[in-house]
Amino acid sequence: MGKMAEAEAEAVFAEIDADGSGEIQLRELRDYGKANGGTVDGVKLADFVREADTNGDRRITLTEFKSGFA
Ligand SMILES: [Ca+2]
Ligand SMILES: [Ca+2]
């Protein structure tokens, strides 16, 4: 992943992580999706979680989030 895309991913992550916990909970993703037509960067939320949540704890860390864009 290039530097530009990485900074972009971090910015989007911070936007979705409304409570600043460093993890995106499903609730935060849903709230974000409501304001953005149910998509993250054009990817359906359900598909996005399945792709990004590599350890299956239903929370998305910044590392997982970045890998979702890779
Ligand atoms: Ca959070
Ligand atoms: Ca996870």
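Numbers below:
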read-out: Residue in the stretch 10-18 that is within 12 Å of ligand 1 (Cβ to nearest atom), of a type in the set (V, I, T) and on the phi < 0 side of the Ramachandran plot present; value: yes
read-out: Residues (under 26 Å from G2 (Cβ atoms), small (G, A, S) and within 13 Å of ligand 2 (Cβ to nearest atom)) located in the stretch 30-70; value: A52, S67, G68
read-out: Helices (runs of 4 or more DSSP H) fully within the chain counting 1 or more residues that are of a type in the set (D, E) and in contact (Cβ under 8 Å) with a residue 40 or more places away in the chain; value: 3-16
read-out: Residue ID - nearest to D53 (Cα to Cα), chosen from residues in the stretch 30-42 that are surrounded by 14 or more Cβ atoms within 10 Å (Cβ to Cβ), within 16 Å of ligand 1 (Cβ to nearest atom) and at pLDDT below 85; value: V40
read-out: Search result, residues across the stretch 1-29 that are open to solvent by 70 Å² or more (accessible area, probe 1.4 Å) and within 16 Å of ligand 2 (Cβ to nearest atom); value: R27
read-out: Test for D53: is it within 13 Å of ligand 1 (Cβ to nearest atom) and at pLDDT 85 or above; value: no
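The values are calculated or read from the model by the stated rules, or taken from the named source; none is laboratory data. Model, not experiment: these values are computed from the prediction. Because the Cβ atoms are built from the backbone with ideal geometry, glycine has one as well, and the counts that use them run over all protein chains shown. Heavy atoms of the whole protein, side chains included, go into the accessibility calculation; ligands, DNA and RNA do not. Shrake-Rupley method; radii C 1.70, N 1.55, O 1.52, S 1.80 Å.
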